[in-house]
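A short write-up of the structure that comes next.
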Amino acid sequence: MADRARIAHLLRRATFGPTAEEVDAAERAGYDATVRRLVRPAGADSAAPPPPVFAAVAELGKDAGRADRQKANQQRRQQVAATIEWWLDRMVAAEHQLAEKMVFFWHGHWATSAQKVKAAPLMLGQLQTFRDHGRGDFAAFTARMVRDPALVVWLDGQKNTVKAPNENLARELMELFTLGIGNYTEGDVKAGARALTGWTVDRRAGTVRFVARRHDRGAKIILGRTAAFDADGFAELVATQPATTAFVAQRLWFRFASGEPIADEVKGRLVAAGRDIDDLLTALFTDAGFEGTRGQLVKQPVEWAVGAMRQLGVRPARLSEQQRKQLVSGLNGLDQVPLRPPSVGGWPAGAAWLTTSSLQARLRLAELLADYAAPPVLDKLRAAPAAGRTDALARLLVVDGWTDRTRAVLAGAAGKPERLLQLGLVSPEYTIH
């Protein structure tokens with residue numbers, strides 16, 4: 001693979017969607033230097049907008065009237081909607097693209113839905129935990145997550161007491177977040193639930209609180225180890241298992257490299273990188289197997305839309321309120337809206353995004369995005385000779401090239417830049433990368 005194509009491939013995977021200028025700069029810097037900059041960017045991300053600050057929603061008692069409850073629920077919905085719009089804008093604007101894409105990765109991994117949590121501050125807090133702690137030691141990160149207020153509410157951890165253990169968080173911690181299916185027993189789940197007892201959530205403060213009388217202090221047997229495990233001890237135990245290191249490495253490969261099964265030798269090299277997530281990412285992007293994964297990932301709808309906005313010069317924050325609603329509605333039509341994963345298992349992947357109905361929804365959203373495109377973007381396409389506009393579009397969208405079939409379709413729209421953009425955004429070459 002030529003050096004520019006190799007770098008473009010890296011940036012398509014490690015960012016939401018690179019601009020042609022970003023590929024130019026990375027080509028000048030070189031592949032290894034680009035990996036280092038992506039994985040460990042210097043300084044704070046000054047381009048990323050700060051999170052919104054919301055007024056507290058009144059906590060209503062049992063005697064509250066219907067009107068007061070409706071008002072509080074509407075306020076919660078508005079705050080969640082504002083958080084979704086803010087995060088989409090941050091994904092577009094962030095200079096530290098891999099850092100923000102990892103926040104989105106963890107959101108799909110520790111999948112938590114605002115539709116149950118119903119508190120924007122808790123969801124914002126979880127995103128910040130991903131941002132602050134999701135790049136270092138996975139064991140320390142896991143210890144943070146078992147006490148994350150949004151996750152505790154989502155998986156009923158606040159109902160987990162010594163008198164009535166609730167297994168939801170313990171089960172999903174082992175099955176979906178760390179060990180993976182087949183690496184624990186039902187007995188481990190029951191004992192793990194006991195270890196996680198005692199935590200409650202203060203929704204108003206956005207914090208968790210440990211209530212000692214609700215915690216099971218007895219000995220538990222988990223993964224063959226016997227101890228009076230608490231949340232920290234349980235998190236440390238499961239997160240440091242070899243099966244967890246392999247599980248996390250496979251998840252990263254699946255989202256950043258290929259939807260195909262990972263080769264044993266590649267998995268072995270990634271596992272050897274250890275539990276530090278930045279080290280794992282570096283190993284992934286520099287592995288010999290990574291170069292051969294071109295064309296093996298289907299962009300998730302959020303990745304597709306955010307990448308398109310970055311390349312078309314569209315900032316959600318600069319759109320009208322109605323346009324922002326249309327953007328979120330378009331993502332809803334594609335069945336992927338941030339903060340609304342369909343289940344604790346997160347969103348589907350691969351060919352699940354390529355249904356007939358999703359293509360129609362993608363066409364509609366592509367039309368909107370093309371309409372929102374910044375004037376300089378359209379001017380670049382208009383300035384290109386008619387015969388060269390498909391090549392100009394390929395540069396703009398960082399597509400390595402078009403098949404003859406796609407080029408023929410695009411050529412028919414060369415005289416209409418907005419239509420050309422729309423067709424380019426729904427092309428197989430752009431959707432599958």
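Is there a residue in segment 216-228 that is without any contact (Cβ under 8 Å) to a residue 60 or more places away in the chain, in a strand (DSSP E or B), over 22 Å from A120 (Cβ atoms) and polar (S, T, N, Q)?
Yes: segment 216-228 contains one or more residues that are without any contact (Cβ under 8 Å) to a residue 60 or more places away in the chain, in a strand (DSSP E or B), over 22 Å from A120 (Cβ atoms) and polar (S, T, N, Q).
Could you list, in sequence order, all residues of segment 313-336 that are farther than 23 Å from L397 by Cα and not in a helix (DSSP H, G or I)?
Once the filter is applied, which keeps residues that are farther than 23 Å from L397 by Cα and not in a helix (DSSP H, G or I), segment 313-336 yields S320, D335.
Specify which of the listed residues (M145, M174) is assigned by TED's automatic domain parsing to the domain that holds V211, touching a Gly at 6+ places or on another chain (Cβ under 7 Å) and at pLDDT 95 or above.
M174
From the list T355, T293, T282, T286, which one is of a type in the set (S, T, N, Q) and exposed (fewer than 15 other Cβ atoms within 10 Å of the Cβ)?
Selected residue: T355, the only one of T355, T293, T282, T286 that is of a type in the set (S, T, N, Q) and exposed (fewer than 15 other Cβ atoms within 10 Å of the Cβ).
Go through segment 37-65 residue by residue and tally those that are of a type outside the set (D, E) and surrounded by 15 or more Cβ atoms within 10 Å (Cβ to Cβ).
Count: 9.
Residue by residue, here is whether (1) under 16 Å from A20 (Cα atoms); (2) among the hydrophobic types (A, V, I, L, M, F, W, C) holds:
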| position | (1), (2) |
| --- | --- |
| L334 | no, yes |
| G345 | no, no |
| A352 | no, yes |
| L393 | yes, yes |
| A414 | no, yes |
| P417 | no, no |
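When residues of segment 381-408 are filtered for being surrounded by 15 or more Cβ atoms within 10 Å (Cβ to Cβ), among the aliphatic types (A, V, I, L, M), over 31 Å from the mean Cα position of the chain (by Cα) and not in a loop (DSSP other than H, G, I, E, B), how many remain?
The total comes to 1.
Regarding segment 48-69, can at least one residue be identified that is more than 27 Å from Q128 (Cβ to Cβ), touching a Leu at 6+ places or on another chain (Cβ under 9 Å) and assigned to a helix (DSSP H, G or I)?
Yes, there is a match, as at least one residue in segment 48-69 is more than 27 Å from Q128 (Cβ to Cβ), touching a Leu at 6+ places or on another chain (Cβ under 9 Å) and assigned to a helix (DSSP H, G or I).
Determine, yes or no, whether A352 is in a helix (DSSP H, G or I) and in contact with a Gly (Cβ under 9 Å, 6 or more places away or on another chain).
no
Please determine whether any residue of segment 136-152 is closer than 21 Å to Q336 by Cβ and in contact (Cβ under 8 Å) with a residue 60 or more places away in the chain.
Scanning segment 136-152, I find no residue that is closer than 21 Å to Q336 by Cβ and in contact (Cβ under 8 Å) with a residue 60 or more places away in the chain, so the answer is no.
Tell me, please, whether a residue that is of a type in the set (A, V, I, L, M), under 30 Å from A352 (Cβ atoms) and modelled with pLDDT of 95 or more can be found in segment 211-234.
no
Is at least one residue of segment 67-76 surrounded by fewer than 21 Cβ atoms within 10 Å (Cβ to Cβ), closer than 30 Å to P348 by Cβ and not assigned by TED's automatic domain parsing to the domain that holds A283?
Looking through segment 67-76, at least one residue is surrounded by fewer than 21 Cβ atoms within 10 Å (Cβ to Cβ), closer than 30 Å to P348 by Cβ and not assigned by TED's automatic domain parsing to the domain that holds A283.
Looking only at segment 157-194, which residues are without any contact (Cβ under 8 Å) to a residue 40 or more places away in the chain, out of contact with any Lys or Arg (no Cβ under 6 Å at 6 or more places or on another chain), of a type in the set (A, V, I, L, M, F, W, C) and buried (at least 18 other Cβ atoms within 10 Å of the Cβ)?
L169, A193
If you take the residues in segment 244-276 that are more than 18 Å from M102 (Cβ to Cβ) and surrounded by fewer than 16 Cβ atoms within 10 Å (Cβ to Cβ), which one is nearest to the chain's Cα centre (by Cα)?
Taking the candidates together, the pick is G259.
Among the candidates T226, T207, which residue alone is in contact with a strand residue (DSSP E or B) (Cβ under 9 Å, 6 or more places away or on another chain), loosely packed, with under 13 Cβ neighbours inside 10 Å, more than 30 Å from F16 (Cβ to Cβ) and hydroxyl-bearing (S, T, Y)?
Being in contact with a strand residue (DSSP E or B) (Cβ under 9 Å, 6 or more places away or on another chain), loosely packed, with under 13 Cβ neighbours inside 10 Å, more than 30 Å from F16 (Cβ to Cβ) and hydroxyl-bearing (S, T, Y) holds for just one of T226, T207, which is T226.
Looking only at segment 83-120, count how many residues are among the aliphatic types (A, V, I, L, M), part of a helix (DSSP H, G or I) and under 20 Å from W154 (Cα atoms).
Summing the residues that are among the aliphatic types (A, V, I, L, M), part of a helix (DSSP H, G or I) and under 20 Å from W154 (Cα atoms) in segment 83-120 gives 5.
Got a number for residues in segment 298-335 being among the basic types (K, R) and either within 18 Å of H9 (Cα to Cα) or crowded, with 17+ Cβ neighbours inside 10 Å (or both)?
So the count comes out to 3.
The values are calculated or read from the model by the stated rules, or taken from the named source; none is laboratory data. As the structure is a computational prediction, the values presented were derived from the model and not from experiment. As a convention, Cβ positions derive from the backbone with ideal geometry for all residues, glycine included, and neighbour counts pool all protein chains shown.
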